[in-house]
Amino acid sequence: MSKKNNAAAGAFEILKQLNGPLSVGIGTGSTTDCFTENFLPLLGEKIKSLYSSSDRTSELLLKLGFQVSEYKPNNLLDVYIDGADEVDDNLNLIKGGGGAHTNEKKLAKQAQRFICIVDDEKLVNTLGKFPLPVEIESEESEEAISSLAQYSNKIIKRDGLSDNGNHLYDIHNFMIEDPLKIEHEVLSINGVVDVGIFSVDSPTTVVVGSDSGYRLIDS
Ligand code: 5RP
């Protein structure tokens, strides 16, 4: 099995042990897709409701015959399952490689527990080798980009828009020594909708997939 599939298998084993029925949020990306395609169907009655973090994930869930519950700001989820682009020593994350970090963060914050599934190549000491995604309101983007220039002179706009209809930018060459501080700073910039730093505030388990299986790191 691939590393990603091994990480997804680890999330499946954790869910099997939990008392159901569970409300589960599903993230976005290839690792999460492994979970959704190969393991979610095996959980049967243990799943009460599913919430999706992106149009792409909703499409996959519907294609597999699952129902997707409507997002509401006051929903409470038992578990949120998602991948990440980088995981640092303190389990802070960079997410948003797939451009879905704004809606992913909303679900992660509503969940009692976050199960993050990554392959072992995503582990780093310090976040920042992976470019940091930022979602910005279209009308405010010029002003926001000039503020973000304090962090790097290489900020690249992505083609296309987020599911929320906003612009997506990636800040390159930006090593993030203090993720919580940078998350707050970037969020305070006018026009920024959200940034792909996830500083852990709910109980998190990172499932690290390798060629030989998986291991768990708990917050
Ligand atoms: C999407 C994300 C993904 O979780 C992240 O990009 C990892 O993706 P993959 O599992 O394909 O490596 O944050 O917005």
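Is it the case, given these coordinates, that Asp170 is of a type in the set (Asp, Glu), at pLDDT below 95 and out of contact with any Asp or Glu (no Cβ under 8 Å at 6 or more places or on another chain)? Explain how you work it out, then say what you get.
Values: of a type in the set (Asp, Glu): yes; at pLDDT below 95: no; out of contact with any Asp or Glu (no Cβ under 8 Å at 6 or more places or on another chain): yes.
It is false that Asp170 is of a type in the set (Asp, Glu), at pLDDT below 95 and out of contact with any Asp or Glu (no Cβ under 8 Å at 6 or more places or on another chain).
Does region 184-207 hold any residues that are crowded, with 20+ Cβ neighbours inside 10 Å and assigned to a helix (DSSP H, G or I), and which are they?
Within region 184-207, just Val186 meets the criteria.
Return the only residue of Glu70, Glu45, Glu37, Glu13 being open to solvent by 20 Å² or more (accessible area, probe 1.4 Å), within 14 Å of the ligand (Cβ to nearest atom) and over 14 Å from the mean Cα position of the chain (by Cα).
Numbers: Glu70 fails: within 14 Å of the ligand (Cβ to nearest atom); Glu45 fails: within 14 Å of the ligand (Cβ to nearest atom); Glu13 fails: within 14 Å of the ligand (Cβ to nearest atom).
Just a single option satisfies the conditions, and that option is Glu37.
Pull up region 24-34, narrow it to residues that are open to solvent by less than 10 Å² (accessible area, probe 1.4 Å) and polar (S, T, N, Q), then point me to the one that is farthest from the ligand (Cβ to nearest atom). Don't jump to the end; show me each part of the working.
Of all residues in region 24-34, those open to solvent by less than 10 Å² (accessible area, probe 1.4 Å) come to 24-27, 31-32.
Pick out the ones that are also polar (S, T, N, Q) and you get 31-32.
Values: Thr31: 3, Thr32: 6 Å.
Top of the filtered list is Thr32.
Taking Ile217 and the conditions (1) surrounded by fewer than 13 Cβ atoms within 10 Å (Cβ to Cβ); (2) of a type in the set (Val, Ile, Thr); (3) under 27 Å from Asn5 (Cβ atoms), which numbered condition does it fall short on, given that it satisfies the others?
Condition (1) is where Ile217 drops out.
Just wondering, is there one or more residues in region 59-77 that are part of a strand (DSSP E or B), assigned by TED's automatic domain parsing to the domain that holds Val118 and of a type in the set (A, V, I, L, M, F, W, C)? Let's see the steps before the verdict.
Taking region 59-77 as the starting set, the residues that turn out to be part of a strand (DSSP E or B) are 77.
Still in the list and also assigned by TED's automatic domain parsing to the domain that holds Val118: 77.
Still in the running and of a type in the set (A, V, I, L, M, F, W, C): 77.
Yes, the conditions are met somewhere in region 59-77.
How many residues are part of a strand (DSSP E or B), farther than 28 Å from Pro73 by Cβ and touching a helix residue (DSSP H, G or I) at 6+ places or on another chain (Cβ under 8 Å) if we restrict to region 87-136? Can you show your working first?
Here is the first cut: in region 87-136, the ones part of a strand (DSSP E or B) are 87, 93-94, 111-119, 123, 127, 132-136.
Subset that is farther than 28 Å from Pro73 by Cβ: 119, 123.
Okay, now just the ones that are also touching a helix residue (DSSP H, G or I) at 6+ places or on another chain (Cβ under 8 Å), so 119.
Number satisfying all stated conditions: 1.
Residue check, Ile81 against (1) modelled with pLDDT under 95; (2) not in a loop (DSSP other than H, G, I, E, B), all met but one. Which one?
So Ile81 meets the others, but not (1).
Go over the candidates Ser52, Ser2, Ser30 one by one and state the one that is touching a Lys or Arg at 6+ places or on another chain (Cβ under 7 Å) and either under 27 Å from Ser210 (Cα atoms) or not assigned by TED's automatic domain parsing to the domain that holds Ser212 (or both).
Details: Ser52 fails: touching a Lys or Arg at 6+ places or on another chain (Cβ under 7 Å); Ser2 fails: touching a Lys or Arg at 6+ places or on another chain (Cβ under 7 Å).
Checking each option against the conditions leaves just Ser30.
Per-residue answers, yes or no, for (1) within 12 Å of the ligand (Cβ to nearest atom); (2) modelled with pLDDT under 95:
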| position | (1), (2) |
| --- | --- |
| Asn74 | no, yes |
| Leu77 | no, no |
| Val87 | yes, no |
| His101 | yes, no |
| Lys106 | no, no |
| Arg113 | no, no |
| Cys116 | yes, no |
| Leu132 | yes, no |
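Please enumerate the residues belonging to region 134-155 that are open to solvent by less than 80 Å² (accessible area, probe 1.4 Å) and in contact (Cβ under 8 Å) with a residue 40 or more places away in the chain.
Listed by number, the residues that qualify are Val134, Glu135, Ile136, Glu137, Glu140, Ser141, Ala144, Ser147, Leu148.
The values are calculated or read from the model by the stated rules, or taken from the named source; none is laboratory data. Predicted, not measured: the structure shown is a model, and the values here were computed from it. Glycine also receives a Cβ, built like all others from the backbone with ideal geometry; neighbour counts cover every protein chain displayed. Just so you know, the surface numbers come from the protein's heavy atoms only, side chains and all, with ligands and any DNA or RNA stripped out. Shrake-Rupley method; radii C 1.70, N 1.55, O 1.52, S 1.80 Å.
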